[in-house]
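Accompanying notes for the structure given below.
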Amino acid sequence: MGALTGLGGSAIASPILVNYMGIPLRVAIGSGIIITIANSSTSGASYLSRGIANLRIGYTLAIATMLGSIAGVLLNLYTPTRILYIVFGAVLLVAPLPGVIRGSSGGEFVRIHSNQDSISARLGLRGSYYDERRRSQIDYQASNFIYSFFSMIGAGVIAGLLGIGAGAFKVLSMDYIMGLPFKVSTATSSLVIGLTASSGGIQYLILGYTDPLLVSLLTPGVILGSYISSRILNKLTSRTLRIIFTAVVWFLAFDMMRRGL
């Protein structure tokens, strides 16, 4: 599910570990951000080989998310556990709203930029991919790089604070600010999440909030799930992806907020 929606599996795994398996929240966060690396490594490589993920866009935005992630981990240390529950739930609750409000058309693009800004053009932030369901080549160009860069710093802070990869916000930034097709946003988010998780995961590991046994038990399932979902993404409609994205995130959001309240 993490690779299919661009969330990064820990956004789903961490609430399940906390709510149904009794794992302490900070240990779930620290372990979850590590398994996100496995999720990203598997799905990101597959999306790249199929030409869906955009490597140039992903790496330029990863700089922002890694910086934000470092700040997010430091913020986590000074945030009470009960507040973390509520913030975790609120973040998951808000994440799908733009897709619900504006994504009902089912098209590949939520927003299309007719012209690129000068920075995006110089960085060469454009591309194309073959959509297997539509059986056509889809061209796109990204714009508003500066706005997306700063929004990605915010996504990185959330990723480090909650150990979730913050794929929801990465997808929304690329979807609504940069004007990328939803499948490209999802695939590129899956690629970037691993880099974000690496910077935050090292900090949690040093601080002792990562359980190696838990990580080793979760990782095989994450790798298998990522591999399967990366192979079926291009066969689904963008509207189907948005429905899956919204349903999963909202269910987990209410569960986490309930524990915090």
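The values are calculated or read from the model by the stated rules, or taken from the named source; none is laboratory data. Remember, it's a predicted structure, so these values are computed and weren't measured experimentally. Glycine also receives a Cβ, built like all others from the backbone with ideal geometry; neighbour counts cover every protein chain displayed. All accessible areas refer to the heavy atoms of the entire protein, side chains included, with ligands and DNA or RNA removed. Shrake-Rupley method; radii C 1.70, N 1.55, O 1.52, S 1.80 Å.
Is it the case that segment 176-185 has a residue that's closer than 14 Å to Leu92 by Cα and aromatic (Phe, Trp, Tyr)?
no
Any residue at all in segment 161-177 that is out of contact with any Pro (no Cβ under 7 Å at 6 or more places or on another chain), of a type in the set (Ser, Thr, Tyr) and either under 22 Å from Leu74 (Cβ atoms) or modelled with pLDDT of 90 or more (or both)?
No, segment 161-177 has no match at all.
For residues in segment 159-169 being assigned to a helix (DSSP H, G or I) and closer than 19 Å to Val27 by Cβ, which is farthest from the chain's Cα centre (by Cα)? Talk me through it step by step, then tell me what you get.
So the first thing to find is which residues in segment 159-169 are assigned to a helix (DSSP H, G or I), and the list is 159-162, 167-169.
From what is left, the residues that are closer than 19 Å to Val27 by Cβ are 159-162.
Numbers: Ala159: 9, Gly160: 12, Leu161: 14, Leu162: 12 Å.
Among residues in segment 159-169 that are assigned to a helix (DSSP H, G or I) and closer than 19 Å to Val27 by Cβ, the one farthest from the chain's Cα centre (by Cα) is Leu161.
State all residues of segment 129-156 that are part of a strand (DSSP E or B), surrounded by fewer than 19 Cβ atoms within 10 Å (Cβ to Cβ) and either basic (Lys, Arg) or without any contact (Cβ under 8 Å) to a residue 60 or more places away in the chain (or both); if no residue qualifies, say none.
Ser136, Gln137, Ile138, Asp139, listed by residue number.
Filter the helices (runs of 4 or more DSSP H) completely within segment 16-122 down to those with at least 2 residues that are under 29 Å from Tyr227 (Cβ atoms) and modelled with pLDDT of 80 or more.
25-49, 55-77, 81-94
One line per residue, one yes/no per condition, for (1) without any contact (Cβ under 8 Å) to a residue 60 or more places away in the chain; (2) under 15 Å from Ala166 (Cβ atoms); (3) open to solvent by less than 10 Å² (accessible area, probe 1.4 Å):
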position	(1), (2), (3)
Val27	no, no, no
Thr42	no, no, no
Ala45	yes, no, no
Arg50	no, no, no
Asn54	no, no, no
Leu75	no, yes, no
Tyr78	yes, no, no
